[in-house]
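Worksheet for the structure shown next.
The values are calculated or read from the model by the stated rules, or taken from the named source; none is laboratory data. If you're wondering where the values come from, they're calculated on a predicted model, not measured in any experiment. Using ideal geometry, Cβ is built from the backbone for each residue, glycine included, and neighbour counts are taken over all protein chains shown. Just the protein is used for accessible areas: all its heavy atoms, side chains included, with ligands, DNA and RNA removed. Shrake-Rupley method; radii C 1.70, N 1.55, O 1.52, S 1.80 Å.
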Amino acid sequence: ANGLVVHNCGEQPLYPNEACNLGSVNLARFVLPNGERRPDASGVEGTDRIDWERLERTVRLAIRFLDDVINVNPYPDRWIDRSVKANRRVGLGVMGWADLLISLEIPYDSEAALRLADETMRRINTWAHDESCNLAEERGPFPTWPQSIYRHGRPQRNATVTTIAPTGTISIIAGCSSGIEPLFALVFDRRGSLDGELNLEVNPQFFEIAKREGFWTEDLARRVYERGTVRGLDGVPEKWQRVFGTAHDIAPDWHVRMQAAWQKHVDNAVSKTINLPHDATVEDVERAYRLAYQAGCMGITVYRDGSKEGVLHVGTSGSQPAPAGEA
């Protein structure tokens, strides 16, 4: 069969019997410390606050690591073994994007965020492909390279090198925001306390900045929990209302535009949830799909608030169950 199959989250198109090793870089860890800035020729807002040299070293190391995994993996059968090693797909992506934007004081739904997303993934993709070419010089290209779209250029070790996955589980382990998603909520109720009382957990960045800027109170946490958002909340400066926009604050068009900004420089596809309000219509869903197609996205996931029971709940004035972190 010549058809493609798609990973259950949609970000990884594969041929039959193929697999792809995925890995994600936590962008939040690459903000220069102590407010340091380094001149950057791109002129894109925020680029002078990012340690690009360390990020490049990490990307190159990650590509080598993911390629090594192809060799050491135990495969269930010879068909999968053969298919995986024929194309040697790897998929390096990112997580911690929302955390990075907050550190740079850039709202998620802003032109500045779109420009930074474009520039960040352009660099990551360039380094990843170059390192795959370096590997091809050392170890040889992937076996189907002569039949690939790359056959007239510099040989590569891997048929694909970049993907943006949901990172639902690994971002929890790493303590960062998932994939390229905005924060889902700033204050959570961690259910299951023995006394039945609210057990509110506050996003660390929100807590730190609110304390530093002088607008933190215990009552603020409860009000944010009850409303599910800081936008429009008295006592929170307008600047921080914008910076701390959460998933349901972001208009659907901005969700799609953000996905498209990353997709421009990704070999495979991008996992991203397009959050719609509970009263979204069929026409709203259609608009999101059409916009994604026009913007060049390879796939799209639409989630209408309240359409699926999940494990996270934000806001008590109206139930907003979260999807399970997969897009």
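Observations on the structure shown:
- 19 Å Cα-Cα reach of residue 239 towards lysines, excluding residues that sit fewer than 8 places from it in its own chain: 211
- Note on the range 111-215: along the principal axes its Cα atoms extend 64, 35, 21 Å, ordered by decreasing extent.
- Candidate lysines - alpha carbon under 17 Å from residue 264, same-chain residues fewer than 8 apart omitted: 272
- Residues whose amide H comes within less than 5 Å of that of residue 94, counting only those at least five positions distant or on another chain, are 25, 165 (H built at 1.01 Å from N in the peptide plane).
- Listed residues 74, 143, 16, most fluctuating in the chain (Gaussian network, C-alpha, under 10 Å): 74
- Expected 222 nm ellipticity per residue - DSSP helices of 4 or more, -39500 (n - 2.57), all of the chain, to 500: -12000 deg cm²/dmol
- Inter-label distance for residue 64 and residue 286, nm, one decimal - labels placed 7 Å from Cα along Cα-to-Cβ: 5.3 nm
- Separation of alpha-carbon centers, the range 8-85 and the range 279-294, rounded to whole Å: 31 Å
- Average Cα contact separation per residue, the chain, under 8 Å, 6 or more apart, as relative contact order %: 19 percent
- Probe 1.4 Å, all protein chains present, accessible-area order of 32, 61, largest first: 61, 32
- Acute angle (nearest 10 degrees) that the helix 204-213 long axis makes with the longest principal axis of the chain, alpha-carbon atoms: 50 degrees
- Sequence-distant residues sharing a close amide H with residue 14 (under 5 Å, placed H): 5, 6, 7
- Per-residue HN-Hα couplings for the range 161-176 [Karplus 6.51, -1.76, 1.60; θ = phi - 60°; Hz; x = Gly/Pro]: 10, 10, 8, 10, 8, x, 6, x, 8, 5, 5, 5, 4, 7, x, 9
- Helix 111-139 axis versus longest C-alpha principal axis of the chain: approximately 30°, rounded to the nearest ten.
- In a DSSP loop and with at most 14 other Cβ atoms within 10 Å, the trypsin sites (Lys or Arg not before Pro) in the range 22-102 are 37.
- Net charge of the neighbourhood of residue 143, taken over other residues with C-beta under 9 Å away and scored Lys/Arg +1, Asp/Glu -1, is +2.
- DSSP beta bridges fully contained in the chain are about 35 percent antiparallel.
- Per-selection metrics, the chain (Cα): Rg and Dmax in Å: 20.9, 67
- Helix 282-295 axis, angle to the chain major axis (alpha carbon atoms, nearest 10°): 50 degrees
- Most mobile of 79, 127, 262 in a GNM of the chain (Cα contacts under 10 Å): 79
- Between amide H atoms placed 1.01 Å from N, distances below 5 Å from residue 301 occur with 272, 274, all of them 5 or more places distant or on a separate chain.
- Considering only 175, 23, 245, the mean-square fluctuation computed in a Gaussian network model of the chain, springs between alpha carbons under 10 angstrom, is largest for 175.
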